[in-house]
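Working notes, beginning with the structure itself.
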Amino acid sequence: MSFPVIGVIGGGQLARMMAPAAEALGVGFHVLAESADSSAAQVAGRVTVGDHTDLAALEAFAAEVDVITFDHEHVPPEHLRALQAAGHAVHPGPDALIHAQDKIVMRRRMDTLGLPNPRWAEITSPADLDRFGAEVGFPVVLKTPRGGYDGHGVRVVSSGAEAEEWLAAHPALLAEEKVDFSRELAVMVARSPMGQTAVWPVVATYQQDGVCKEAVAPAPGLDPELARRITADVLTVAGALGVTGVMAMEMFETPDGYRVNELAMRPHNTGHWTQDGSVTSQFEQHLRAVLDLPLGDPSARTAATAMVNVLGADQEDLYRAYFHVLAHDPQAKVHMYGKSVRPGRKLGHVNVSGDNADSVLARARHAADFIAGTDTNPHPDREDTA
């Protein structure tokens, strides 16, 4: 039997980081990219430039690969059903993927499964929002059900009138209570078609302007019973939705446990620490899962790993700072995405592993921020306890 070819729709950094995993597994790797200079197109062995909303382009791409998976969740569900009907393997399938594409669908299913949602409502008029706000208290969080990511498509509003403009553009919006939380958490799970599952440790995350900035694994000080509950719940979700591949569940930690925030049906920013901090990375595990191969060990390699994103700022010349970071902290693992600089854009990330969570986080922060240019001190004081 010849080794299969994995086709990834989307040419972003997630596909870029799947490429080395595919090479190590010895499988073919083909990317349907938005442009010839996209992040993944720079490193993939085979690239086709095409539009993920064009069914003809998807059909032609599917004919060249053995299994289809995703760098993002924006492929129209009806196109994925058409590919399945034509006999192509699509993982995750549209019935699972819709829960990451449509936040209202996701909220309904979480309620059905008995998972802890924030209080929420589907809003179709300013009066709906005023009623919901009267019930849960303003301000409330308002989201577009589809298309939002990294803080886009999210607003905090204090009246129904503030939703009028958005409602003119969207037939329905998702309103959620503003959760009183102590910190944000996330957990990654992998599931294969044969039903095998694997879960990584729960991580603590920090968002900057709606963009994931940091993740620390495992989440420092997390109550072991809550960690066990989250692990059991994410396994329930993956099984009930029929997930194939890796899935992220983002959460708010609350005094009584947690609340589900969002799902992602693909490798995810909160799992980037696994590249260097776990036995099997989320990227290798995703490919194993979509090929229905036995899953790898998700265990952490060290007591703590911190991941910090390099977010674009004013500094254009990243390479000089990157050179310094590699010399300053040889244990830091720097992953850059081959992107041009734009304020707030994810340009790469840094992973640092060791024995002390505070120390590895401080080192990863300095490395990421020095490359971005927001930390200009080349030799910060730090504890060498990691």
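The values are calculated or read from the model by the stated rules, or taken from the named source; none is laboratory data. Here the structure is a predicted model, which means the values were calculated and not measured. We place every Cβ from the backbone using ideal geometry, glycine too, and count neighbours over all the protein chains shown.
Tell me yes or no: at least one residue of the range 98-120 is under 26 Å from Leu142 (Cα atoms) and assigned to a strand (DSSP E or B).
First pass over the range 98-120, keeping only residues under 26 Å from Leu142 (Cα atoms): 98-120.
Now narrow it down to the ones that are assigned to a strand (DSSP E or B): 120.
Within the range 98-120 (the criterion being under 26 Å from Leu142 (Cα atoms) and assigned to a strand (DSSP E or B)), the answer is yes, since at least one residue qualifies.
For the range 172-185, the count of residues that are within 16 Å of the chain's Cα centre (by Cα), within 25 Å of Thr274 (Cβ to Cβ) and buried (at least 16 other Cβ atoms within 10 Å of the Cβ) is at least one. The sole residue among Arg146, Arg191, Arg155, Arg131 that is closer than 30 Å to Val279 by Cβ and either basic (Lys, Arg) or crowded, with 17+ Cβ neighbours inside 10 Å (or both) is Arg191. Just one of the listed residues (Gly28, Gly12, Gly45, Gly50) is over 22 Å from Gly242 (Cα atoms), modelled with pLDDT under 95 and not assigned by TED's automatic domain parsing to the domain that holds Ser340, and it is Gly45.
Taken over the range 124-156, the criterion of being closer than 28 Å to Arg266 by Cβ and outside any loop (DSSP other than H, G, I, E, B) is satisfied by Val141, Leu142, Lys143, Val154, Arg155, Val156.
A residue that is surrounded by fewer than 21 Cβ atoms within 10 Å (Cβ to Cβ), free of Cβ contacts under 8 Å to residues at least 40 places away in the same chain and either in a helix (DSSP H, G or I) or outside the structural domain of Val203 (by TED's automatic domain parsing) (or both) cannot be found anywhere in the range 329-344.
Of all the criteria given as (1) touching a residue at least 40 places away in the same chain (Cβ under 8 Å); (2) under 27 Å from Val67 (Cα atoms); (3) not assigned by TED's automatic domain parsing to the domain that holds Leu226, the one not satisfied by Ser192 is (3).
Take the conditions more than 13 Å from Val31 (Cα to Cα), out of contact with any helix residue (DSSP H, G or I) (no Cβ under 7 Å at 6 or more places or on another chain) and not in a helix (DSSP H, G or I) and apply them to His74. Does it pass? Criteria met by His74.
Between Leu115, Leu80, Leu129, the distinction of being in contact with a helix residue (DSSP H, G or I) (Cβ under 8 Å, 6 or more places away or on another chain), within 16 Å of His52 (Cβ to Cβ) and modelled with pLDDT of 95 or more belongs to Leu80 only.
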